[in-house]
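Just below is one structure, and these are the notes that go with it.
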Amino acid sequence: MKKEDLFLGIDIGGTNTVVGLVTGTGEMIGKNTFPTFAGKSIKTFQQNLEKTCLQLVNSRKDHLLGLGIGMPGANSEKGTVFNPVNFVWGDVNLADMIRDQLKLPVFVTNDARASALGEMKFGNAVDLQTFIQITLGTGLGSSFVSRKEIINGNEGIAGEMGHTKIINKNRMCKCGKRGCLETYVSASGVIRTVFELLGSETIDSHMRDLSFNDLSSEAVTSWAEKGDELAQKAYLLTGEILGEKLADFVHIFNPEAIIISGGLAKAGKFLFEPMKHALNENLLPSHKNKTQIRISDPDVNYAVLGAASLVMNNVE
Ligand SMILES: [Zn+2]
């Protein structure tokens, strides 16, 4: 790898797609975001992606070695994307499509795995061997890393913590099942919890004047910070559910650390204090205080850096 080599890292989320132009040392020297339009055809996405990449790379095209993509439902071994929840793209070979379109090497992986790769190469997991990476965004992505190897499973689709079930919870998930973790612990899950609380509680709240589609998780965080009790309670319940679930995975996996990233991590103490408490309450004595919680810097997009690192690892 030469000093002037450049890589594109692309993080395709259910709401937005982030494109970063990255150097071999993990410095992001350019970044752009566009709406994914996950409910529209993949052609619309491809046009927006090409336009954004060309704008970013501009006159530096000769130094560009390829693109790495992280997105939900992606299979890194096949380069395919299988019917991701929140998207209408169906079953597509994304790597082939983008390679044909942009005439560059393209590597694809699951979004949570991209974050884990980014954390391992440039972030909070540089010193870790065995950890769980969780991204709290539109949904809940997760990745399990054992002795520096991402656990892919038999078909490259292991690590779907977001669709494990919570006992006695019945919320409908976009995957078609009920009671999945991400229906509670995600940006959209928090908003659903706020509206349930608005119905069941009489606490005064600034959010009573808002409609469901007007509320964002960022706004809930902002109200929690301003002392809105109902917003704080929504995060308390979310944190308790997450902590209880994480105890299951700590028992199974015995990680050194759990790294948490994504927009919802900005809720800070409102989410993480009840989470840590519930985690500790539910751990066996032999597992208590053995697993660190590391909150990722929300201003660094490790999914983009990890996606770009796929190219670094695969081209000369
Ligand atoms: Zn589900």
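The values are calculated or read from the model by the stated rules, or taken from the named source; none is laboratory data. Computed from a predicted structure; not experimentally measured. Methodologically, a virtual Cβ is constructed for each residue, glycine included, from the backbone with ideal geometry; neighbour enumeration extends over all protein chains shown.
Restricting T80, T44 to those that are away from the ligand (no atom under 16 Å from the Cβ) and surrounded by 15 or more Cβ atoms within 10 Å (Cβ to Cβ) reduces the list to T80. Filtered by the rule that a residue be more than 28 Å from Q46 (Cβ to Cβ) and of a type in the set (D, E), segment 81-133 gives E119, D127.
Of F212, F195, which residue is at pLDDT below 95 and over 21 Å from the mean Cα position of the chain (by Cα)?
Just a single option satisfies the conditions, and that option is F212.
Go through the residues of segment 140-147 one by one and say whether even a single one is more than 18 Å from the chain's Cα centre (by Cα) and part of a strand (DSSP E or B). Yes, segment 140-147 has at least one match. In the set (1) under 20 Å from V315 (Cα atoms); (2) surrounded by fewer than 24 Cβ atoms within 10 Å (Cβ to Cβ), R113 fails one condition alone, (2).
Of the residues making up segment 22-55, those that are among the β-branched types (V, I, T), without any contact (Cβ under 8 Å) to a residue 40 or more places away in the chain and part of a strand (DSSP E or B) are T23, I29, T33.
If the condition is being more than 17 Å from K266 (Cα to Cα), of a type in the set (A, V, I, L, M, F, W, C) and either modelled with pLDDT of 95 or more or touching a Pro at 6+ places or on another chain (Cβ under 6 Å) (or both), then segment 174-192 contributes C180, L181. The condition of being surrounded by fewer than 20 Cβ atoms within 10 Å (Cβ to Cβ), at pLDDT below 90, of a type in the set (V, I, T) and over 17 Å from I260 (Cα atoms) holds for only one of I166, I151, I157, that being I157.
Could you tell me whether segment 130-140 includes any residue that is of a type in the set (G, A, S) and within 16 Å of the ligand (Cβ to nearest atom)? Yes - at least one qualifying residue is present in segment 130-140. With respect to (1) touching a strand residue (DSSP E or B) at 6+ places or on another chain (Cβ under 6 Å); (2) farther than 30 Å from F249 by Cβ, the lone exception for T130 is condition (2). Total residues in segment 159-177 satisfying the condition of being more than 8 Å from the ligand (Cβ to nearest atom) and not β-branched (V, I, T): the figure is 9. Taking each residue of segment 218-229 that is without any contact (Cβ under 8 Å) to a residue 60 or more places away in the chain and looking for partners that are in a loop (DSSP other than H, G, I, E, B) and aliphatic (A, V, I, L, M) with beta-carbon atoms closer than 8 Å, six or more apart or interchain, yields A219/L210; E229/I203. Within segment 178-190, restricting attention to residues that are under 16 Å from E240 (Cα atoms) and free of Cβ contacts under 8 Å to residues at least 40 places away in the same chain, the residue that is farthest from the ligand (Cβ to nearest atom) is G179. Among the residues of segment 85-125, those identified as under 19 Å from F37 (Cβ atoms), in a loop (DSSP other than H, G, I, E, B) and among the aliphatic types (A, V, I, L, M) are V85, V88.
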